[in-house]
Every structure is written in C-alpha cells, then in structure tokens.
Amino acid sequence: MSLKKSNLAQAWLVLLLATLFGTALAGIQAKLGPVIEANKVKETMAKIPVLVLGEDLAAELAADNQALTVKSRMIEVKKNGTTKFYTVYDAWLPDGKMVGHVVKADGQGYADKIELLVGLDAQGDTITGLFVLDQKETPGLGAKILEDNWRGQFKDKATQKTLSVVKGGGAKDDQIDSISGATISSRSVAGIVNTAVANVVPRLQINDGPDDNKTPKVQSEEPGKDKERS
C-alpha cells in the first residue's frame, strides 16, 4: 500500500472512531440526562432549609421532625428580545409563616456553565445563602467557589445593591473578595447572583398560602419597569 493510501485509510479510521465515540457519548448523555436532573432537584430540596433558615435553625427543625412546606413556580423574564425562566422555591414554616425563597440561576463561568441556588428572605431584601449546584471550573482555582468560606460572603448581603468582586481582601458591604487566581470564576458567580436578584426580587409577591393547592401562575414583567438598582 502506498504512503498516500495508508494516510487516507488512517484518516478514515480516525473519522470513523470519532463518529462512533460521539454517537456513544450522545447516547450516554441522553440516557443519564434525566437522572442527573432528578438528582439536582433532590439536592435542591435538601438544601432549601439551610439556604433560607441557616444551618442551626434547619437542624433544629429536623430534630423536631418538622419540615418546611415548599412550592415551586416559574418566573419568566423578558429582556432585550430574549426570555429567561427562573425556578423559584417558596418556603413556609410549619405554622404557615413564609420564611424565604430559593432561586435557581445559571450563567457562564470560566470553563462552563455554573448553576447556583440563591436563598432570599421572605421579603427578598437579603441574601440568606448560596449553594453551587453544578460547576466545572478549574480544580484548585475556580472550583474553590464550592468552599463554604467563600460562598459565605454572600450571606446577609442586601439585594438593593449590586455586588462587585474585589482583589486583595477588605471587601465592603456590597463587595465580594475574589478567589486568588480565579477572578473570572468569582465574577461569574457574583454576576449570576446579581442578575437573578435583579430579575426575580421584583416578582416575588406571593398571594397563595402554603396550603393552597392552586398551581402558581407564571409571572412575566419587563425589567425596564423595575425601579433603578444601585
């Protein structure tokens, strides 16, 4: 066989293997996709008490064999010709008092999409917690967004102000200290939180109680109608 024919045969073999591998990978993803999403929903439901109550109160509630009543709804946001949907989980204490909300939000990170759960108080005035549901950032650098100490900076931040990321420590009330060597990942998380808060907080009004079996309606408003945020 000539060198030219040999190279051509090798090229076709590589192409065939790539096609087979791609098809197999697509099949695996199609099969595992629903399982992965189901696991994310399960993890979300498990994290809601901590995100809205804090670890101590969530532990006390569990110790008393009590649980929050949680209802989910979709909030639709139309902006600049695009439509974005947020899943929002509203949470009530056993006595019927609304205690807070958890917003599922996502956006582009340094390596891939980052998915977050943002906890808010009942009025939507304060961030009560932050959890990273999914990420593929660089191990040892951007992946540090998973660490409790870094995520803890978002807790108790006021939603009326836009959060910014700073380097070198000394963050103010509306600032988040960047992860060393992972400024892009840090800013990505802050950006996702800022966007979710700006889009969702003005639409958090709840008319139904925890025992109302009606399906919450999709809420849709133009962000341009919201009051200006600082």
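The values are calculated or read from the model by the stated rules, or taken from the named source; none is laboratory data. All values reported here derive from a predicted model rather than from experimental measurement. Cβ sites come from the backbone with ideal geometry, for glycine too, and all protein chains shown count toward neighbours.
Could you grab me the full set of residues in segment 129-144 that are crowded, with 19+ Cβ neighbours inside 10 Å, among the charged types (D, E, K, R) and not in a helix (DSSP H, G or I)?
GLU137
Can you tell me which residue is surrounded by the most Cβ atoms within 10 Å (Cβ to Cβ) among those in segment 94-109 that are at pLDDT below 95 and not in a strand (DSSP E or B)?
PRO94
Of the residues ILE145, ILE184, only one is under 15 Å from GLN108 (Cβ atoms), free of Cβ contacts under 8 Å to residues at least 60 places away in the same chain and of a type in the set (A, V, I, L, M, F, W, C); which?
ILE145
Are any residues in segment 175-189 buried (at least 21 other Cβ atoms within 10 Å of the Cβ) and within 17 Å of VAL118 (Cβ to Cβ), and if so, which ones?
ILE176, SER185, SER186, SER188, VAL189
Tell me, please, whether a residue that is more than 13 Å from the chain's Cα centre (by Cα), over 18 Å from THR162 (Cβ atoms), acidic (Asp, Glu) and part of a loop (DSSP other than H, G, I, E, B) can be found in segment 115-128.
Checked segment 115-128: no residue is more than 13 Å from the chain's Cα centre (by Cα), over 18 Å from THR162 (Cβ atoms), acidic (Asp, Glu) and part of a loop (DSSP other than H, G, I, E, B).
Is one or more of the residues making up segment 145-164 assigned to a loop (DSSP other than H, G, I, E, B) and touching a Phe, Trp or Tyr at 6+ places or on another chain (Cβ under 8 Å)?
Yes, that holds for at least one residue.
Can you say whether SER220 is modelled with pLDDT of 90 or more, not aromatic (Phe, Trp, Tyr) and not in a helix (DSSP H, G or I), as far as the supplied structure shows? Give the steps one after another, and end with the answer.
Details: modelled with pLDDT of 90 or more: no; not aromatic (Phe, Trp, Tyr): yes; not in a helix (DSSP H, G or I): yes.
Considered against the rule, which asks whether it is modelled with pLDDT of 90 or more, not aromatic (Phe, Trp, Tyr) and not in a helix (DSSP H, G or I), SER220 comes out as no.
What are the residues in segment 61-80 that are of a type in the set (Asp, Glu) and surrounded by fewer than 13 Cβ atoms within 10 Å (Cβ to Cβ), if any? Break it down into steps so the answer makes sense when it comes.
Let us first name the residues in segment 61-80 that are of a type in the set (Asp, Glu), namely 64, 76.
Across segment 61-80, the qualifying residue is only ASP64.
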